[in-house]
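Laboratory data are not the source of any read-out in this text; all were calculated from the coordinates shown. In this text the structure is predicted, and so the values were computed from the model without any measurement. FYI the Cβ positions are ideal-geometry reconstructions off the backbone, even for glycines, and counts take in every protein chain you see.
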Amino acid sequence: MATTSTYPEGTQFWQTADYKGNLLRDMNASLIAISTIILGTRLYVRLVMTKTFGLDDIFATLAWAVICSQSGMDIVEVKNGSGAHLELIPLPLILKFFELLATQNLLYFWSVGLMRLAVVAFLPRLGKDKLYLYLIYATAAIIVVQTNFAFWYKLCECRPIKDLWKPPFAEGLNCVSAKANDNMMVSHAVIGIIMDVVLMALPIWMIWKNMIFTKKAIQVVLIFSVGIFVILTGIIRLWYIKTLVFAIDPVNRTYKMATIGVWTDLEGHVGLWVGCFPAMQPVLRTVSYKLGLRSKLLSYGATPAKNTNGVSASNKGVQRSTHGYMRSGNGVDRAGTDTDADSQKAIIASDYNFELGQIRKQTDVEVKVEESHPERKGSRQESWADV
């Protein structure tokens, strides 16, 4: 491949003012570190704190491995000229760049596919409603079909298959057209965005349905609403695919990789983080308590402080019983039990000489027996701490 450089002779590809390789390298190193910490925290919660390790954690671990491998390849690609202008890169490095790029393309389908399947596998923890579960299964099926179709299409787009790892300008290639390849990538991106919207909407719908309009429901919904960032990264990536014609025009693809690659990596990593946030709630609550962000270690909200008589601190001037009624004498509050000693003590103080013979305590007990329903077995709802 012959190219005419517009830069002074002897200019190295990393010496231009608009070189983006360092940004790509540093960002991917940071993403790998953050994703490792977040996944490690998730596994600690599931294996040690709540002991609820499940299929979603397996998918999340696999997704982390593939996503971080893809980011690691992006770091290696910087040495091959990623983020630099093609005309300045030596031919041996160009060949290595396109060879590794083909592997990255194949890994990408599985990175986002496993990331979405990790979220899908988590959703049944939130509810067992039949319609909800059917929607989950349908979403999982679409993701599996989408991932496999894109992977095998990309793998088999050249004859023989080994030509996939050759640069697009190599002579004698028998591959599908660049336009067809671009259409496939765009279709995969569009379906992926739709799936991300569904994965964000399903848990919000189920939580809102079960918790009605409570403060807890709103807070949990907000946790899942951060999935909007995954949708945004997918949309931005799709926009760059179309505007930079990355799959169609191989010219200066090394430089365009610094833009497309950033949003491709962000899509996978951010999706992994969003999928881990719900499982990390016990740790987040503990940390917020130790940092003083919560006055009490409660999941949501707190009750007003009370003194020894059960009186709210805001009503110190008024003498009230434990039930909140105003007290005008020296009566004693009745305890929260039904023992005879408590009953006698709560009625009147013992140092008064009143006739107690006419006081009678009666306890009515009503017992109801309901038949068990076998079909309801296994329908236990997971608490928020369990998920």
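Values for this structure:
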quantity: Matching residues in the range 243-278 - criterion: being farther than 19 Å from I228 by Cβ, surrounded by 24 or more Cβ atoms within 10 Å (Cβ to Cβ) and not β-branched (V, I, T); calculated: Y255, M257, G261
quantity: The range 35-61: number of residues that are among the hydroxyl-bearing types (S, T, Y) and either touching a Ser or Thr at 6+ places or on another chain (Cβ under 9 Å) or not in a helix (DSSP H, G or I) (or both); calculated: 3
quantity: Complete set of residues in the range 23-38 that are surrounded by fewer than 21 Cβ atoms within 10 Å (Cβ to Cβ) and not β-branched (V, I, T); calculated: L23, R25, D26, M27, A29, S30, A33
quantity: Among the candidates A140, A178, A150, A118, residue that is of a type outside the set (D, E), surrounded by 14 or more Cβ atoms within 10 Å (Cβ to Cβ) and touching a Gly at 6+ places or on another chain (Cβ under 7 Å); calculated: A118
quantity: Conditions (1) more than 11 Å from D265 (Cα to Cα); (2) under 15 Å from the mean Cα position of the chain (by Cα); number of the one not met by M49; calculated: (2)
quantity: Of all residues making up the range 12-51, the number that are small (G, A, S) and in contact (Cβ under 8 Å) with a residue 60 or more places away in the chain; calculated: 2
